[in-house]
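Worksheet: one structure, shown below.
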Amino acid sequence: MNIICNVNGKEVAVETRPDKKLSAVLRDDLNLKGIRKGCGTGRCGSCLILLDDQLVASCLVPAFAARHKSIVTIEGFSQTKEFSDIVTGFKEAGVHLCSYCAPARVLSTAYMLRKHIMPTEEQINDIISSVQCRCSSFSHLKKGIIQASIHFSRRKDNG
Amino acid sequence: MAKLNRPPVIYSPTTIQDLLKIYHLNPDALIYAGGTGLLSGAEGDILHIRGSVINIAGVEELKKINRTDRYLELGASVPVSKVIDLGKSIVPEALYIALKQMGPPQIRNMATIGGNICRQANTMDIFPILHLHDCQVELRRFREYRSPRRFLKGSGSKWIPVSRLIDNDGKIIMESGEILTRIRIPNENWTFESYRKIDGPGSPLIFTALARLDKHILTDIRLSYSTVREKLIRNRDLEAEMIGRRVPFSGRDLTLLEGKLEAYFKGTGESSFTTARASALTIQFLEKISEPVDEGRV
């Protein structure tokens, strides 16, 4: 099956089985290694992507469901200003992420900040739960997300 | 290396009429909406889906949310996260809590309301809530145009109470080629709503309760218990016994009710653990509604 979709802003056509997991298509066929292999049940969060601006676990998406959709992975997101807002916020709060969860953590934070530019504690706790890696402490992550939201909103205010 | 079977045939309808026609012609096809149930058990990179799949994600009509004075109507493909975004003031509180507990954001963005109801394998998290709220579901199927004299639309539609969606064994009763398209939740004010899901040995227990108070008189109460084995346990006699009583309940009343509930549960064949948890959750709820607070939601 020929899957045509927009990956990180570029139109891409991939010839693959329709029932292949999108995480495998992105990693193996498109060489986007920022998507990690994890639990395969969508709960660990290591394969998170933005599919039509929605945070989804790519291991739960079959290739056919990605047809004509827009996909953003960490490789594409790292070219944006939002990425630097989040990374700066995390650095200021002393968040040190392992290379396994860092892409998913950044993407999930971006997803939340796009929805709620000044998130509540409940919303922050909720988004932290999207990635189950425990390489960084909960309190540091919270502070990091708050710092990121400050940078995020400041940049939005400045246009 | 495992031998790969033939890749599935994928249908991607964009209208309800196309969907019903395709499903009518392929009644054994898998319906793909959010995919959380279909894919979560898969091992390896290939899902090995046999036969055909109908991807309903492109049917916009199934993603609609409609609100009137009388009810809230959700399309079957509305993602769980969208319903949560409506907020507690619009969504019944028990349903809101259940949806929030359904998993991390990435799962809630994918899982759909209709999918949760139609899946056989799970405990049907939201089914007891919809049942207690007297919700209705719309089932549609392809209907051929036979007589030029009779005015028939392209699809046959019927609304049924959600309670009629499962049989006594907890299996979904839907005819071949029939699809759940909408869920209608009546706008009703309940003074108290509770939803608790407790994992236990072997099987989780879901406790759902609604209560309505009027000047400290319990005017309506609905209690349900769900396990994997028994999709819905509801003792209407016990509910009827409680209606009309003044709250707070006395300690003696609570002990009597506890005893009756335990006796009832023993008859259902549930484990002693489940019986004890169900009984404790019910008493907890009755104590909560007995607390001298404003008659507002908890």
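Each reported figure results from applying straightforward, stated rules to the coordinates on display, with no laboratory input. Keep in mind that this is a model prediction, so the values were computed, not measured. Cβ placement follows ideal geometry from the backbone for every residue including glycine, while neighbour counts extend to all protein chains displayed.
Length, then width, then depth: along the principal axes, the Cα atoms of the protein assembly as shown run 68, 67, 47 Å. Over all projection directions, the Cα-based convex hull of the stretch B:37-110 averages an area of 6.5 nm². Using the Cα coordinates of chain A, the gyration tensor eigenvalues translate into equivalent-ellipsoid semi-axes of 28, 17, 12 Å, sorted from longest to shortest. Taking other C-beta atoms within 10 angstrom as a stand-in for reagent exposure, A:CYS133, B:CYS118 fall in the order A:CYS133, B:CYS118, fewest first.
Approximating the spin labels as points 7 Å out from Cα along Cα→Cβ, the B:GLU241-to-B:ALA263 distance works out to 0.7 nm. Between A:SER153 and B:ASP169, what FRET efficiency comes out of the Förster formula 1/(1 + (r/R0)^6) with R0 = 56 Å and r the beta carbon distance, rounded to 0.05? It comes to 0.55. As a proxy for reagent exposure, ranking B:VAL59, A:VAL131 by other Cβ atoms within 10 Å from fewest up yields B:VAL59, A:VAL131. Determine, from the Cβ-Cβ distance of B:ILE65 and A:LYS10 and an R0 of 51 Å, the FRET efficiency 1/(1 + (r/R0)^6), rounded to the nearest 0.05. According to the calculation, E is roughly 0.95.
Return the subset of B:LYS21/B:LYS64; B:LYS64/B:LYS100; A:LYS91/A:LYS142; A:LYS115/B:LYS64; A:LYS20/A:LYS69; A:LYS115/A:LYS156 for which the Cα-Cα distance in this structure is over 18 Å, preserving the input order. Long pairs (Cα-Cα over 18 Å): B:LYS21/B:LYS64; B:LYS64/B:LYS100; A:LYS115/B:LYS64. Over the stretch B:9-58, with a single point scatterer placed on each C-alpha, what log10 of the ratio I(q)/I(0) does the Debye formula yield at q = 0.26, 0.29 1/Å? Computed log10 I(q)/I(0) values: -1.01, -1.15. Averaged over the residues of peptide A:52-63, the number of Cβ atoms from other protein chains lying within 10 Å of each residue's Cβ is 6. The Cα-based radius of gyration and maximum Cα-Cα distance (Dmax) for chain B are 21.3, 70 Å. Scaling the Cα radius of gyration of the stretch A:81-157 by the globular reference 2.2 N^0.38 Å produces a ratio of 0.95. With the convex hull constructed from alpha-carbon coordinates only, the stretch A:2-77 shows a mean projected area of 4.1 nm² over all directions.
Estimated from helical segments only, the mean residue ellipticity of the protein assembly as shown at 222 nm is -9500 deg cm²/dmol, where each DSSP H run of four or more residues counts as -39500 (n - 2.57). Principal semi-axes of the equivalent ellipsoid, √(5λ) from the alpha carbon gyration tensor of the stretch B:192-290, are 23, 13, 12 Å from largest down. Inter-chain neighbour count for B:97-109: the average number of beta-carbon atoms from partner chains within 10 Å of each residue's beta-carbon is 6.
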